[in-house]
Amino acid sequence: MDLQDFGQRLIKNLETVIIGKRPALDLITIGLLSQGHILIEDVPGVGKTVLARSLAKSVDATFNRIQFTPDMLPSDVTGVSIYNQETRKFEFRPGPLLGQIVLADEINRATPKTQAALLEAMEEGQITVDGVTHLLPQPFMVLATQNPIEYEGTFPLPEAQLDRFLLHLQLGYPALSNEIEILERQQSQHPIKTLEAVVSSDEVLAAAEAVKQIYVSDAIKRYIVELTQHTRRSADLHLGASPRGSLALFRTGQARAALLGRDYVLPDDIKTLAVPVLGHRVIVGPAARMRELSADQIIHEIAHSIPVPGGDFQTNSKD
């Protein structure tokens with residue numbers, strides 16, 4: 001399978017709706033190929049929800065949206081078992097979480113109890129309701145959006161929840177020329193209404209399996225682990241990245257290499273992905289907060305302070 005062509009077709013299709021955000025679309029595609037979940041944090045109105053809907057339409061996947069509110073219960077997310085008097089049996093009524101592309105909109109407006117309803121689904125691809133396990137459809141991807149935590153009426157996501165997101169990204173405001181183009185494209189109708197699928201769900205699963213075959217040298221593996229272990233020793237961080245962070249860097253590095261047409265991972269792949277993969281998995285220490293350092297800034301400094309490995313990174317390459 002030509003993974004570079006797969007990625008370019010998908011990104012080109014998304015760019016007909018999401019304008020001027022190529023780096024974010026690259027990360028979304030990497031997340032899809034890595035079969036991970038993505039947290040999008042930004043102010044309202046920059047296209048977070050439209051991005052999720054566009055992705056679902058582009059890969060011909062079922063799309064469910066969960067609008068999180070403070071009064072939402074876990075059963076509103078996962079589903080509930082209802083007693084059927086005719087059959088005298090309990091029947092499971094699935095909740096919106098049982099979809100392929102699930103938009104968890106404003107996830108940090110829900111209480112921690114309701115947020116926890118996503119943990120099993122995001123890690124194990126299944127949910128358990130009343131002691132019965134239900135497998136989720138594949139591919140399964142949660143695209144969660146949240147407003148910055150300084151906004152009123154929000155609950156910060158717990159560390160266990162944040163660690164289950166493969167990538168964390170921000171869209172940001174569009175440039176002046178891009179915003180003018182947005183006005184022009186939406187003058188008569190929204191471009192998402194005419195958006196068509198360019199790949200199938202089966203192709204997504206096949207591409208995700210093909211990504212796993214991208215070669216990662218021993219030097220790159222060591223580089224990944226050294227980077228994550230450095231976060232655990234950093235005086236600026238109260239909590240470093242978990243082994244799940246190392247696995248995330250490993251898989252996303254393979255996906256980025258595939259999108260760039262390589263069948264081997266380079267140190268630049270890991271360095272480029274360090275902030276979106278690890279930035280949300282660490283907790284900034286009090287001293288660093290006093291110096292107004294963000295988690296992303298600390299991860300960026302760590303990634304650029306560790307010596308880049310040398311050697312042949314494509315020993316197993318077909319070339």
Original post:
Once both axes come from the Cα atoms, what is the angle between helix 3-14 and the longest principal axis of the chain, in degrees from 0 to 90, rounded to 10?
Top reply: 60 degrees
**OP:** Counting only C-alpha contacts under 8 Å and six or more residues apart, can you give the relative contact order of the stretch 208-300 as a whole percent?
**Re:** 33 percent
**OP:** Determine the relative contact order of the stretch 10-111: mean sequence separation of Cα pairs under 8 Å and six or more apart, normalised by residue count, in whole percent.
**Re:** 27 percent
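Suppose R0 equals 25 Å; then what is the FRET efficiency for GLN213 and LEU135 from their Cβ-Cβ distance, rounded to the nearest 0.05? Please list the in-between numbers first.
Numbers: r = 25 Å, r/R0 = 1.00.
It comes out at approximately 0.50.
Calculate, for LYS89 and ILE283, the FRET efficiency according to 1/(1 + (r/R0)^6) with r their C-beta to C-beta distance and R0 51 Å; round to the nearest 0.05. Numbers along the way, then the final one.
Numbers: r = 47 Å, r/R0 = 0.91.
Efficiency computed from Cβ-Cβ geometry: 0.65.
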Original post:
Setting aside same-chain residues fewer than 8 positions from LYS193, which lysines have a Cα under 21 Å from its Cα?
Top reply: LYS12, LYS21, LYS48, LYS57
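Looking at the chain only, what percent of DSSP beta bridges run antiparallel? Nearest 5 please. Don't jump to the answer; show the numbers that get you there.
Numbers: 12 of 29 bridges.
Taking every DSSP beta bridge within the chain, about 40 percent pair in antiparallel fashion.
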Original post:
Using 7 Å Cα-to-Cβ label points, what is the SER188/GLN297 separation (nm, one decimal)?
Top reply: 4.8 nm
Subject >> Nearest-ten-degree value, helix 243-259 long axis tilted from longest Cα axis of the chain >> reply: 80 degrees
Original post:
Where the centre of each part is set by its Cα atoms, how far does the stretch 41-91 sit from the stretch 279-314, in angstrom?
Top reply: 35 Å
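Can you give the charge dipole size of the stretch 144-242 about its Cα centre, rounded to the nearest 20 debye, using +1 on the beta carbon of Lys and Arg and -1 on the beta carbon of Asp and Glu? Let's see the in-between values first.
On the way: 8 positive and 14 negative charges, 75 e Å.
Roughly 360 debye for the stretch 144-242.
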Original post:
Using the alpha-carbon atoms, what tilt in degrees (0 to 90, nearest 10) does helix 176-185 show relative to the longest principal axis of the chain?
Top reply: 30 degrees
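Let me know the longest stretch in the chain that avoids all GluC sites (Glu not before Pro) found in a DSSP loop with at most 12 other C-beta atoms within 10 Å.
Working: sites that count: GLU86, GLU150, GLU152, GLU196, GLU292.
Segment 197-291 is the longest.
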Original post:
Relative contact order for the chain: what is it in percent, counting Cα pairs under 8 Å that are at least 6 residues apart?
Top reply: 21 percent
Original post:
In a GNM of the chain with a 10 Å cut-off on Cα contacts, which of LEU293, LEU176, LEU25 has the highest mean-square fluctuation?
Top reply: LEU176
**OP:** Before rounding to the nearest 500, sum -39500 (n - 2.57) across all DSSP H runs of length at least 4 in the chain and divide by the residue total; then give [θ] at 222 nm in deg cm²/dmol.
**Re:** -12500 deg cm²/dmol
Subject >> Most mobile listed residue (LEU195, LEU97, LEU171) in the chain, GNM with C-alpha springs under 10 Å >> reply: LEU195
Original post:
Along the three principal axes, how long is the stretch 214-305 when you take its alpha carbons, biggest first, rounded to the nearest angstrom?
Top reply: 43, 20, 20
Subject >> Extended-chain gain in nm, criterion 0.36 nm per residue less alpha-carbon gap, ALA235 and LEU73 >> reply: 54.4 nm
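Which trypsin sites (Lys or Arg not before Pro) does the stretch 75-146 hold that lie in a coil by DSSP with at most 15 other beta carbons within 10 Å?
ARG88
Taken together, the values in this text are just the output of simple stated rules run on the coordinates, not laboratory data. Quantities reported herein were computed from a predicted structural model and do not represent experimental measurements. Don't worry about glycine lacking a Cβ; one is built from the backbone with ideal geometry, like all the others, and counts go over all protein chains shown.
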